[in-house]
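First comes the structure, then the notes that go with it.
Just so you know, all these numbers are worked out from the coordinates, no wet-lab data involved. Keep in mind that this is a model prediction, so the values were computed, not measured. Here the Cβ positions follow ideal geometry from the backbone for every residue, glycine too, while neighbour counts run over all protein chains shown.
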């Protein structure tokens, strides 16, 4: 009973994290920020989801499959994120905002944003 409840809670938490990540992908301004939101949340939420399903199924065959899935995801998602980040930084991907210098982003002395 407790493992079933905990399994459903973990699956629900994974769903909430994925929804927040989707909102981040939609709202964030540039490709690198969107990529960061998507990959970090995907790694966490898929791990939580696999843990929840493992508690719900509680079968050794499924448990080993889920452990293998999480291990592959832990290896593949950061590597794919790194490759996409390098491509974006080298200019091979559109939608990457140019970084601002710290002097340009600081507010004026009266608190209003600086005009360009």
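What's the exposure ranking of 74, 49, going from fewest to most Cβ atoms within 10 Å? Write out the running numbers ahead of the final one.
Values: 74 13, 49 22.
By the 10 Å Cβ count, ascending, the order reads 74, 49.
Starting with the fewest neighbours, write out 59, 30 ranked by other beta-carbon atoms found within 10 Å of each beta-carbon.
Lowest count first: 59, 30.
In nanometres, what is the gap between the two model label sites at residue 56 and residue 27, each 7 Å from Cα along Cα-to-Cβ?
The answer from the label model is 2.8 nm.
May I ask you to compute the full-extension gain from residue 83 to residue 13, defined as 0.36 nm times their residue separation minus their alpha-carbon distance, rounded to one decimal in nm?
Residue separation times 0.36 nm, minus the Cα-Cα distance, leaves 22.4 nm.
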